[in-house]
Amino acid sequence: MSAPQITLTIRHTPSALDTRRGIVRLHPEVLDALGLRAWDAVHLTGARVSAALAAPGDASGTPGFVFADDVTLSNLGVTEGSEVVVAPADVTQARSVTVAGSRLASASVSPNTLRLALTGKVLTVGDAVSLLPQDLAPAPGSDVTTVRGQLSRAIGAGWTTELLTVTATEPGGPVVICPSTVVSWRDGAQSSAESSVQSSARSSAPATVAPRVEPEVIAEPEEPAPPVSDLCGAQDQARTLAEWVDLTFRRPDLLARLGTSARLGVLLSGAEGVGKTTLVRSVAAAEDLRLVTLAAPSIAVLEPNAIATRLREAIDQAAAGGPAVLLITDIDTLLPATQPPPVATVVLDELRGALTRPDLAVVATTARPEACDPRLRAADLLDRELAIPQPDARIRTELLRVLLRDVPLESTVDLGGIADRTPGFVTADLLALRRDAAVRAALRQRDVEEPRISQQDLLDALQSVRPISMSTSDSLATGGLTLDDVGDMTDVKQSLTEAVLWPLRYPDSFARLGIAPPRGVLLYGPPGGGKTFLVRALAGSGALNVFVVKGAELLDKWVGESERAVRELFRKAADASPSLVFLDEIDALAPRRGQSGDSGVSDRVVAALLTELDGVEPMRDVVVLGATNRPELVDPALLRPGRLERLVYVPPPDAQARADILRATARHTPLASDVDLDEVAASLDGYSAADCAALIREAALTAMRESLEAAEVTAAHLETARKAVRPSLDPAQLAALESYAKNRA
């Protein structure tokens, strides 16, 4: 059974007592839903994976938030307002922990003091951790007063701002430090007592040497870079970058004669996992250039002076020894567009100076170019931009061919079919798919000498591998439904196929005829008529990613947050295209403007939706589908051509449709010979699809009430159930909907 998990919006903690102590605050209801007690460990998934202690938050607050400090935000690689997945964490006691820190800290703080300072915290490799002890709920064996005094004497007044990086743990995964844990600095310094423990342990085990980890600056990756010819979908960008590099390093005189300088600063953007770093590595290898990589998230958590020092060290390392490229990954974490830190000016000055050095180019990557400080694009900084596009089905087929060319496959494997089933997948997702399929093939062929991956292994892996772009989004469970499973509704199914599936499946046909495909569809009809069921079937038929927004969950009382949520929703949909954005109960999300009393929040959301649907930047491979039973309440501007231009009425089921619904609902329910579903359906005038399904369930429960050993449902049981299940369709509302449909026809 999988562990429970909840997606929450992350906020900066308002309590100074929680700062830098490895603590997140959750609403008591969230703790109960996850089966957690106060101060249990939780697993947090944002752009990165981390862990922390969960403490109860304000019971009068909103359950949908998790409150964390700036260090935790940086460890997760997210900003305030992003979504993170919270789940219970399996934490083990660490046998050994290795950390890295400033020269002052590593030279002054003994491992014994270090162990006491970290006791009671949850540690994960790659995370930043503060020396501030976790004193809100001290762990057994901790001595907070003593360790505070030792740290103050060792480092001085600045010890409270000192941050360390966890470089290794044994075992891996989230761990906690206990009295027997061997804690050491990265250079191997440890206390004499700990040394004796390690020596006795090593006497009975093979000697192992922990690798020296440099979390911030990584030079010359050990894994060979793939050739440029393997960069499917990004070869044009690689060729352009190679041309720029060649001119900058080998033809500076030509640039000078043409009136420009031989300097190269590039901002490389693309979805997460699309292969930005791999592209730079491949070009550097092809052009015989040294490559020095600086991971911006790993230094963004440091104090300003340390950030400038680490950046300067990386620049000096890259500039020493011939032509080189300095690659800064995820630059938006170091230079955010909103509320840039004071150190941003220093960082920009350092980059400006780096670009004046001979034989040095600077390339920065980001998955969110709009989230980068606009000063980064100045003429004397990263004035050139490249974007790696989202792979389409053809490119995914080529990527699969490259990734699986050295993998033994069965002859029946259809890579094109797999590519069609992986909309929104990038290179990293396809690698995860290969890994999962290999595990399934290994479990299936444990005793086979020459195991091979089959088509079914790859298809089964699709059940567990989701695109990175949808890792924190609500998706619609189709349950294997397709439009073929929907009885009757021929006209409705045809309208949805034309408006939703055709634009995504046959874009060339629309281009050939010179028309733009519909951008959105509004499904409307009485409650219980099967609108959501139709969307589930549509999602199962179209091999597309579905983003679900229920009612008013995008609304937020904070100014600007609702609009930001709308922009983020459509950005994710574009990254996972072809995709469908399903806005359920759209009348609550986009009511008529000027008639709400919510300080204009709804009006701003409608404006944001209009901008995304029909703005300056057109949507590509994204279709919006709204559903409502009150279409007259939806803002009319949303319903004009170019937006939700196709209105599809889902009428209440007629006698034939009700019979089909009853048969589909009762396909696993044994019915007695005296049950005639056609006759029953004819007598259910006014019943919706949901009412018909409820009738079968109630009849089965009636049989169980008579006898728990009941083997079938009889006509008498159905008659009894009819007295309990009454028709839910309101004649007045139904008449209004039919009138609305006639007026729109």
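Observations on the structure shown:
- Looking across the range 136-184, the residues that are within 35 Å of the chain's Cα centre (by Cα), of a type in the set (A, V, I, L, M) and at pLDDT 80 or above come down to L163, L164, V166, A168, V175, V176, I177, V183.
- Against the list (1) touching a residue at least 24 places away in the same chain (Cβ under 8 Å); (2) within 26 Å of E370 (Cα to Cα), the condition R239 fails is (1).
- Meeting the requirement of 3 or more residues that are at pLDDT 85 or above and more than 28 Å from the chain's Cα centre (by Cα), the helices (runs of 4 or more DSSP H) wholly within the range 266-326 are 276-286, 304-319.
- Residues located in the range 345-371, provided they are farther than 20 Å from A319 by Cα and modelled with pLDDT under 90: T345, A367, R368, P369, E370, A371
- Taking the conditions (1) of a type in the set (V, I, T); (2) more than 20 Å from L351 (Cα to Cα); (3) in contact with a Ser or Thr (Cβ under 6 Å, 6 or more places away or on another chain) in turn, V301 satisfies each one other than (2).
- The lone exception for R394 - which of (1) outside any loop (DSSP other than H, G, I, E, B); (2) under 27 Å from L327 (Cα atoms); (3) of a type in the set (D, E, K, R) it fails: (2)
- Check on R536, surrounded by fewer than 17 Cβ atoms within 10 Å (Cβ to Cβ) and either in contact with a Gly (Cβ under 7 Å, 6 or more places away or on another chain) or at pLDDT 75 or above (or both): no
- When residues of the range 72-92 are limited to those that are buried (at least 21 other Cβ atoms within 10 Å of the Cβ) and of a type outside the set (G, A, S), the one nearest to the chain's Cα centre (by Cα): V84
- Summed over the range 618-646, residues that are on the phi > 0 side of the Ramachandran plot and of a type in the set (A, V, I, L, M, F, W, C) total 0.
- Selection within the range 107-128 - touching an Asp or Glu at 6+ places or on another chain (Cβ under 8 Å) and either part of a loop (DSSP other than H, G, I, E, B) or closer than 30 Å to P336 by Cα (or both): none
- Residue within the range 323-342 that is in contact with a Ser or Thr (Cβ under 8 Å, 6 or more places away or on another chain), assigned by TED's automatic domain parsing to the domain that holds P224 and exposed (fewer than 14 other Cβ atoms within 10 Å of the Cβ) present: yes
- Being out of contact with any Gly (no Cβ under 6 Å at 6 or more places or on another chain) and more than 26 Å from F249 (Cβ to Cβ) is a description that does not apply to A379.
- Top-ranked residue of the range 109-135 - restricted to ones that are buried (at least 17 other Cβ atoms within 10 Å of the Cβ) and among the hydroxyl-bearing types (S, T, Y), ranked as nearest to the chain's Cα centre (by Cα): T124
- In the range 90-106, the residues that are within 9 Å of V182 (Cβ to Cβ) form Cβ pairs under 9 Å with partners that are small (G, A, S) and part of a helix (DSSP H, G or I), at six or more places apart or across chains, as follows: R95/A201.
- Test: V209 is out of contact with any Gly (no Cβ under 6 Å at 6 or more places or on another chain) and at pLDDT 80 or above: no
- One residue stands out among those in the range 8-61 that are basic (K, R) and more than 22 Å from the chain's Cα centre (by Cα): the one that is farthest from V166 (Cα to Cα), which is R37.
- For the range 24-45, the criterion of being assigned to a helix (DSSP H, G or I), touching a residue at least 60 places away in the same chain (Cβ under 8 Å) and not small (G, A, S) is met by no residue.
- Residues of the range 56-90 that are in contact with a Gly (Cβ under 8 Å, 6 or more places away or on another chain) and part of a loop (DSSP other than H, G, I, E, B): G77, V78, S82, D90.
- Residue in the range 4-23 that is nearest to Q134 (Cα to Cα), counting only those that are assigned to a loop (DSSP other than H, G, I, E, B) and of a type in the set (D, E, K, R): R21
- Any chance A637 is outside any helix (DSSP H, G or I) and under 32 Å from the mean Cα position of the chain (by Cα): no
The values are calculated or read from the model by the stated rules, or taken from the named source; none is laboratory data. None of these values were measured; they are calculated from a predicted model. Here Cβ is always computed from backbone atoms with ideal geometry, including for glycine, and neighbour counts include all displayed protein chains.
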